[in-house]
Amino acid sequence: MEQAKKTAPTLRNALRREFQQDQVAQFAIILLLLLTVAIFVGALFVPKTAYTDVNIMNQYLPPMTDGHIFGTDNGGKDIFSLLVVAARNSLTIAFFVTVLILALGTIGGLVTGYFGGVFDLVFMRFIDFMTILPVMMIIIVLVTVIPHYNMWSLIIIMTLLGWFNTVRLIRARTLVEVNRDYVRASKTSGTSNLKIIFREIFPNLSSLIIVEATLMFAGNIGLETSLSFLGFGLPANTPSLGTLINYATDPETMTGKPWVWIPAAVMILLYTVLIMMIGQALRRVADQRQSLG
Amino acid sequence: MWKTILRRLLIMIPQLFIVSVLVFFLAKLMPGDPFSGKFGPNTDPAQIAALRKAAGLDDPWTVQYARWIGNAVHGNFGDSFQLKQPVARVIGARLGNTVWLSLLALIGTYVTAITMALVAARRENSRTDHALVVYNSLIYSLPAYLFYLFGIFIFGYTLGWFPTSGTVSADANGFFPVLGSRLYHMILPALIVALISTTSTFSYLRSGILDESKQDYVKLARAKGVPENRIFSRHVLRNAFLPIASTMGYAITGIFGGMIIAETIFSFPGIGSLFVQSVLTRDYPVVTTLVLFNGVLAVLGGLFSDIIMSAVDPRIRIS
Amino acid sequence: MSELLRVENVKVHYPIRSGFFNRVTDYVYAADGVSFSIEAGKTYGLIGESGSGKSTIGKAIVGLEPITSGHIYFQGVDMTDAKNRAHVNYNKDVQMIFQDSMSSLNPRKTVFDIIAEPLRNFSGLKEDGLAQEVRHLLDIVGLPAETMYQFPFQFSGGQRQRIGIARAVATKPKLIVADEPVSALDLSVQAQVLNYMKRIQKDYGIAFLFISHDLGVVRHMTENLAIMHAGRLVEIGSRDDIFNHAQHLYTKRLLAAIPEIDVPNRAKNRAHRKAIEQEFQDQKSAYYDADGRAFPLVAVSETHQVALPESMLEGEGF
């Protein structure tokens, strides 16, 4: 009890405590940060020609030849440079999609859950309906038919077809919070609805949103690279981890020249596993805070 | 229960309508029309315009939609640009492959997931339990295509245990060799799909069993001396299976949708790989039909789930 | 004799949906035509079993429950419409204390922010003034000023409820609705919290509407009582009217249900309770109309109103 009295239950403190105790999560978050910084800083030093210029003479060089650490691909392009740029692109897309989905989903879920009524009824029927649609197929079709397609088109398409589950999750938790007396107390204290939604209820969902964000980030890396892998992700001149792995669809490359696609696959594996480790620690924090509130 | 089902069926009608309208507009977004590829660059533009008018492409969209949906109901989806055959026939030729593969994968998923959940829940917090939980969150987080690639890389090419493409080997003759060969071609993709699709079933069932085991009625049964196995099979499992039953419809459509990537990597001629090829070759009639097909399937899957739920849950069944 | 608040024929009905098209097939009559009035600075108890609609009435008064029909007048002005309430800062004058102290305090906010919330909205005080005012309010409910920057979970149930009281009195309201404020607390803490409320009520001259299922608790808190059953009031009166001259069958039954520690007369009390219960079952039909609803209230004395059918009134000889 004495211990509890000293530390406030702010999210930051709870997170710090959890990560101090959990060696695995600590390791994961440090490695993840280092890797991300390395990728984004490294990508600044990769000239655009490194992944656009074709050099047939250097085709399929094995690793560690002529200064190509991971070798080269069918166009003689340096795999290491490609990997850094591809990772940056994939992470950027996953980041933006995650942020946009969270913004849409959180605002939508909070507002519809808080006000309820006919709007909520119609809106949730709509969401229910959208969640059953074959999202992957629709994304692929949209990617191929949209004019002036670029990275931002992909981000918007992925966002617009990916926020339905977040709305549901946030709405469900909002419904629980709305029925707590502190919301009623805020109403009788003269606080406006918007302030109640964003200043009173929202902080109580913060840990849930953080857990959701990490898992969604990993999921979005997966979705974008899946699309790029199939050839429907990033435009041709913008490398993605998925396009690198796409080399493996050729049996010859898959078995004979694994250096072309394995690094990208390992990068995705590494990122997903690290995020998952962090996510586990975050979930524990969220569960504690759930029981506490 | 019949009221619930009837109401659910009524809800389905607007759902199907919206799906078809969505797909119709998606199709309108796609470039090209039934005459694409039939004309050379020297064809008179006036002649094309006349043909387009005759085909009704200048009609208002409501008329076009009505004609399109009317044809679709009669199984007429137009001709494939690439194969110059009716779309229905193109899809029909490959549908069977996907259905069998999905069925095999679905059975595999349920067998693995249920086994894992039973093992894990029986010994909560044991090392086995933790390992299974971690496994299931890993396969949920990692993108599926990595598993297919490493699977085909290791078991297909490196070890050579399974074929890496197609549905049947050319030298198989007679009923049983063909059947055997077909199964042999499906085992690796089905197995991998099954092994990486267990997460939701596993976690629903595991937490369901754990929740139910802590209920008072279980304590009562134990207190009055009902044997542990009987408590487990008669009381706990029966209730823990309820939520799983209700997700079955969605699971079917989910697996079907997941086949897009699996079939592409395994060069398996089903409708998933057909979809990817059709998009890449801009064969829009096939693309449109496949999206419509999957959309309708998803609606039916939702219906199926709700009907199962109303059939097994007494709270819905009785009211 | 200044009327502060008047509740006039208030009905709160919740629709029940069922059937094939999910149409509204029936209503739950949470409150079904309730009228009473509250005078400034006086204390009132609203008593009823759970589900009788007493909390619904309380919430309707503070504006948390939309009213199906009827009116609520505050100082003679119609406050039924939310727009009117917002216009005059109604909740500056009418505040509420909630039953569950844990859920009524936002776990993510400090005590300071919780108590300052109504002040920020209604008083126009700036940060310095707020801190001073919150310190003063904490002092009133007997909590040290250092607790200001702590979070709700660091307090005991009784302390939390005192924070809730401090919030309710922050804007110096004219009426506080207390919805079962102590029923979630340990018996030992109940008296303490009740005493704080009583003192604040006296010191500031606040009118109190004390909602409870427990006649024993209410007896010590309020001068006037209203008994509610199945969405309607069955009896209104002073403490003396209700405890010594109860007229309605339901009131008598409630009174008999107050637990007493009276060991020598245990058997007698028990027999009495049984007799009352028997009487209730036998005569229920006489005290309620064909639909099982209580009759309209009729005045039997200046302070005392009872929901009796006309036939019975004559017999009573008032």
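The values are calculated or read from the model by the stated rules, or taken from the named source; none is laboratory data. Values in this document were obtained by computation on a predicted structure and should not be read as measured data. Here the Cβ is made from the backbone with ideal geometry for all residues, glycine too, and neighbour counts use every protein chain on show. Areas reflect the complete protein model, heavy atoms only, side chains present, ligands, DNA and RNA absent. Shrake-Rupley method; radii C 1.70, N 1.55, O 1.52, S 1.80 Å.
Put simply, of A:Ile56, A:Ile30, A:Ile101 the only residue that is of a type in the set (Val, Ile, Thr) and within 16 Å of the chain's Cα centre (by Cα) is A:Ile101. Just to be sure before I move on: is A:Phe217 in a helix (DSSP H, G or I) and either open to solvent by 40 Å² or more (accessible area, probe 1.4 Å) or hydrophobic (A, V, I, L, M, F, W, C) (or both) in the structure I sent? Yes. Within 13 Å of chain A (Cβ to nearest Cβ), open to solvent by 10 Å² or more (accessible area, probe 1.4 Å) and modelled with pLDDT of 90 or more - does that describe any residue in region C:127-145? Yes, because at least one residue in region C:127-145 is within 13 Å of chain A (Cβ to nearest Cβ), open to solvent by 10 Å² or more (accessible area, probe 1.4 Å) and modelled with pLDDT of 90 or more. Criterion applied to A:Thr65, A:Thr72, A:Thr112, A:Thr131 was being more than 14 Å from every other protein chain (Cβ to nearest Cβ) and surrounded by fewer than 16 Cβ atoms within 10 Å (Cβ to Cβ), and the one residue passing it is A:Thr65. Here C:Gln283 fulfils each of the conditions (1) at pLDDT below 85; (2) over 15 Å from C:Met312 (Cβ atoms); (3) not hydrophobic (A, V, I, L, M, F, W, C) apart from (2).
Quickly run through region A:36-58 and pick out the residues that are within 13 Å of A:Gly75 (Cα to Cα), surrounded by 14 or more Cβ atoms within 10 Å (Cβ to Cβ) and without any contact (Cβ under 8 Å) to a residue 60 or more places away in the chain. Give the derivation first.
First, the residues of region A:36-58 that are within 13 Å of A:Gly75 (Cα to Cα): A:49-58.
So of that shortlist, the ones also surrounded by 14 or more Cβ atoms within 10 Å (Cβ to Cβ) come out as A:50-51, A:58.
Across region A:36-58, the qualifying residues are A:Ala50, A:Asn58.
Pairs, please: C-beta under 9 Å, at least 6 apart or cross-chain, first residue in contact (Cβ under 8 Å) with a residue 40 or more places away in the chain and among the small types (Gly, Ala, Ser) and in region C:51-79, second open to solvent by less than 10 Å² (accessible area, probe 1.4 Å) and in a helix (DSSP H, G or I)? Note: pairs meeting the criteria are C:Gly70/C:Ala60. For region A:154-174, residues that are away from chain C (no Cβ under 14 Å) and either charged (D, E, K, R) or open to solvent by 20 Å² or more (accessible area, probe 1.4 Å) (or both) total 10. Only one of the listed residues (C:Arg6, C:Arg108) is open to solvent by 40 Å² or more (accessible area, probe 1.4 Å), within 14 Å of another protein chain (Cβ to nearest Cβ), of a type outside the set (A, V, I, L, M) and not in a helix (DSSP H, G or I). That residue is C:Arg108. Suppose the filter is in a loop (DSSP other than H, G, I, E, B), more than 13 Å from every other protein chain (Cβ to nearest Cβ), modelled with pLDDT of 85 or more and open to solvent by 50 Å² or more (accessible area, probe 1.4 Å); does C:Glu49 pass it? In short, yes.
Taking the stated definitions as given, is B:Phe256 more than 13 Å from chain A (Cβ to nearest Cβ), within 19 Å of the chain's Cα centre (by Cα) and either within 23 Å of B:Leu146 (Cα to Cα) or in a loop (DSSP other than H, G, I, E, B) (or both)? Against the criterion (more than 13 Å from chain A (Cβ to nearest Cβ), within 19 Å of the chain's Cα centre (by Cα) and either within 23 Å of B:Leu146 (Cα to Cα) or in a loop (DSSP other than H, G, I, E, B) (or both)), B:Phe256 does not qualify.
For region A:88-101, the condition holds for at least one residue, the condition being that it is farther than 22 Å from A:Phe232 by Cβ and at pLDDT 90 or above. Scanning region C:136-154 for residues that are closer than 18 Å to C:Asp203 by Cα and assigned to a helix (DSSP H, G or I) yields C:His136, C:Leu137, C:Leu138, C:Asp139, C:Ile140. The listed residues are C:Arg232, C:Arg219, C:Arg239, C:Arg270, and the only one of them that is out of contact with any Cys (no Cβ under 8 Å at 6 or more places or on another chain) and more than 19 Å from C:Leu46 (Cα to Cα) turns out to be C:Arg270. Looking only at residues in region A:188-214 that are of a type in the set (D, E, K, R) and crowded, with 20+ Cβ neighbours inside 10 Å, the one that is nearest to A:Leu100 (Cα to Cα) is A:Glu212.
Can you pull out the residues in region B:141-150 that are in a helix (DSSP H, G or I) and without any contact (Cβ under 8 Å) to a residue 60 or more places away in the chain?
If we filter region B:141-150 for residues that are in a helix (DSSP H, G or I), which is where we start, we get B:141, B:144-150.
Within region B:141-150, B:Ser141, B:Leu146, B:Phe147, B:Phe150 qualify.
Conditions (1) in contact with a strand residue (DSSP E or B) (Cβ under 9 Å, 6 or more places away or on another chain); (2) over 21 Å from B:Ile265 (Cβ atoms); (3) among the polar types (S, T, N, Q); (4) facing another protein chain (nearest Cβ under 10 Å), marked per residue:
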{"site": "A:Ile201", "(1), (2), (3), (4)": "no, yes, no, yes"}
{"site": "A:Ile209", "(1), (2), (3), (4)": "no, yes, no, no"}
{"site": "A:Glu212", "(1), (2), (3), (4)": "no, yes, no, no"}
{"site": "A:Gly222", "(1), (2), (3), (4)": "no, no, no, yes"}
{"site": "A:Thr225", "(1), (2), (3), (4)": "no, no, yes, yes"}
{"site": "A:Leu230", "(1), (2), (3), (4)": "no, no, no, yes"}
{"site": "A:Asn237", "(1), (2), (3), (4)": "no, yes, yes, no"}
{"site": "A:Ile245", "(1), (2), (3), (4)": "no, no, no, yes"}
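When we screen B:Phe293, B:Phe304 for residues that are open to solvent by 40 Å² or more (accessible area, probe 1.4 Å), in a helix (DSSP H, G or I) and either under 24 Å from A:Val143 (Cα atoms) or at the interface with another protein chain (Cβ under 10 Å from one of its Cβ atoms) (or both), the only hit is B:Phe293.
Pairing each residue of region A:15-26 that is under 15 Å from A:Ala286 (Cα atoms) with any residue that is surrounded by 13 or more Cβ atoms within 10 Å (Cβ to Cβ) and among the charged types (D, E, K, R), provided the two are 6+ apart or on different chains, yields C-beta distances under 7 Å for A:Glu18/A:Arg284.
Residues in region C:155-168 that are open to solvent by 10 Å² or more (accessible area, probe 1.4 Å) and either in a strand (DSSP E or B) or of a type in the set (A, V, I, L, M, F, W, C) (or both): 1 in all. When B:Arg234, B:Arg206, B:Arg238, B:Arg230 are screened for being part of a helix (DSSP H, G or I), touching a residue at least 60 places away in the same chain (Cβ under 8 Å) and more than 14 Å from chain A (Cβ to nearest Cβ), only B:Arg206 passes. Counting only residues that are assigned to a loop (DSSP other than H, G, I, E, B), hydrophobic (A, V, I, L, M, F, W, C) and open to solvent by 50 Å² or more (accessible area, probe 1.4 Å), region B:155-175 holds 4 of them.
Among the residues making up region A:30-71, those that are part of a helix (DSSP H, G or I) and aromatic (Phe, Trp, Tyr) are A:Phe40, A:Tyr51.
Conditions (1) outside any loop (DSSP other than H, G, I, E, B); (2) under 23 Å from A:Val183 (Cα atoms), marked per residue:
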{"site": "C:Leu64", "(1), (2)": "no, yes"}
{"site": "C:Tyr73", "(1), (2)": "yes, no"}
{"site": "C:Ala86", "(1), (2)": "yes, yes"}
{"site": "C:Met96", "(1), (2)": "yes, yes"}
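If you go through region A:247-268 and pick out every residue that is within 7 Å of chain B (Cβ to nearest Cβ), open to solvent by less than 30 Å² (accessible area, probe 1.4 Å) and not aliphatic (A, V, I, L, M), you end up with 0.
Hey, any hits in region B:245-252 for a residue that's within 11 Å of another protein chain (Cβ to nearest Cβ) and closer than 16 Å to A:Val141 by Cα? Taking every residue of region B:245-252 in turn, none turns out to be within 11 Å of another protein chain (Cβ to nearest Cβ) and closer than 16 Å to A:Val141 by Cα.
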